[in-house]
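Coordinate-derived values only; no laboratory data. Computed from a prediction, not measured in an experiment: that's the story for all the values here. No Cβ is skipped: glycine too gets one built from the backbone with ideal geometry, and neighbour counts run over all protein chains shown.
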Amino acid sequence: MDNSPIGVFDSGVGGLSVFSQLIKLLPNENYLYFADTLNLPYGNKSGEELIEITKNIFNFFESKNVKAVVMACNTTSALTYDFLKSRYKFKIYPTVQNVSKQIALQNYKRIGVFATNGTVNSHAYRNQIKKYSQNTEVFEIACPNWVSIAENQLQNTQESISDVKYHLDKMLEYKPDKIILGCTHYPYLMSILSKFTDSEMFIDPAKIFAKEIYSDLLNNELLAEEKNHEPIFYVSSNPQHFIKTSKLFYDVQYAEEINQLDLVCTKKV
Ligand code: DGL
């Protein structure tokens, strides 16, 4: 048993889709959620930039004595996990690597992935899925505008609807059995996606991911015995915007703005 907190992070509200599943499955845990709204969007940043950013976030969580960090963010899981995984003492759960295996085991023949430029260009989903299911074909399409549609709650504008339909039509040409929403912000667009295709077509990895984390904590005897505090939310800029946008997945009441100096990496890894 370990009552130390679990850190969860993403560039913004997207990771709340994962957090809301985690808290359902593991209500006794003590959570710290960090939204790096100052550096959002992550999707067009280089691997080097994202390693620096992720290191700072890991160091921040380390200073809070976490037992585990959940990389809710697909882009940093794809581009920084391999570099950082052996450099910290706490458990690290990267989303792409955790959910790809479970999805691959379903034996779909053709899988589509919508994700950020960074995730698509890394081919992390394709490589991970093919590790477990060589014959599955994986089609990855980047949707660079979708994070800002979600963050700015623009789901009802004609421009957003056309943008989503454009990418969906392109994906449907590949005739996928399922489409992974490979960026935590994309489930915010379900209201548009389901206008054009059965919502059963889409896999939101959050549920699968939360189950994987649950099993691993259980197997390692790291589950918390009791909750010491309510979830604490930190943002690197504009807490009011974060609170307002959070509502679809979790009703955040308060978020503390972190001084950037607290996030500057002081530890060499
Ligand atoms: N939501 C993150 C992801 O899952 C990053 C989105 C972004 O900031 O571009 O990839």
For region 98-121, name all the residues that are assigned to a helix (DSSP H, G or I) and crowded, with 21+ Cβ neighbours inside 10 Å. Asn98, Val99, Ser100, Ile103, Gly118, Thr119, Val120
Say we look at region 127-176 and pick out the residues that are of a type in the set (Gly, Ala, Ser) and not in a helix (DSSP H, G or I); which of these is nearest to Ile111 (Cα to Cα)? Ser133
Residue list for region 146-165, restricted to those being of a type outside the set (Asp, Glu), surrounded by 16 or more Cβ atoms within 10 Å (Cβ to Cβ) and within 11 Å of the ligand (Cβ to nearest atom): Trp146, Val147, Ala150
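A quick yes/no check of all residues on (1) within 16 Å of the ligand (Cβ to nearest atom); (2) over 26 Å from Asn152 (Cα atoms); (3) surrounded by fewer than 24 Cβ atoms within 10 Å (Cβ to Cβ):
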site: Gly14; (1), (2), (3): yes, no, no
site: Phe19; (1), (2), (3): yes, no, no
site: Asp36; (1), (2), (3): yes, no, no
site: Leu50; (1), (2), (3): yes, no, yes
site: Asn65; (1), (2), (3): no, yes, yes
Cβ contacts < 9 Å: first residue within 9 Å of the ligand (Cβ to nearest atom), restricted to region 74-100; second residue of a type in the set (Lys, Arg) and part of a loop (DSSP other than H, G, I, E, B), any location; separation 6+ or different chain. Result? Thr75/Lys45
Only one of Phe34, Phe83, Phe61 is more than 30 Å from Glu137 (Cα to Cα) and either in contact with a helix residue (DSSP H, G or I) (Cβ under 9 Å, 6 or more places away or on another chain) or small (Gly, Ala, Ser) (or both); which? Phe34
Within region 101-129, how many residues are touching a strand residue (DSSP E or B) at 6+ places or on another chain (Cβ under 7 Å) and without any contact (Cβ under 8 Å) to a residue 12 or more places away in the chain? 0
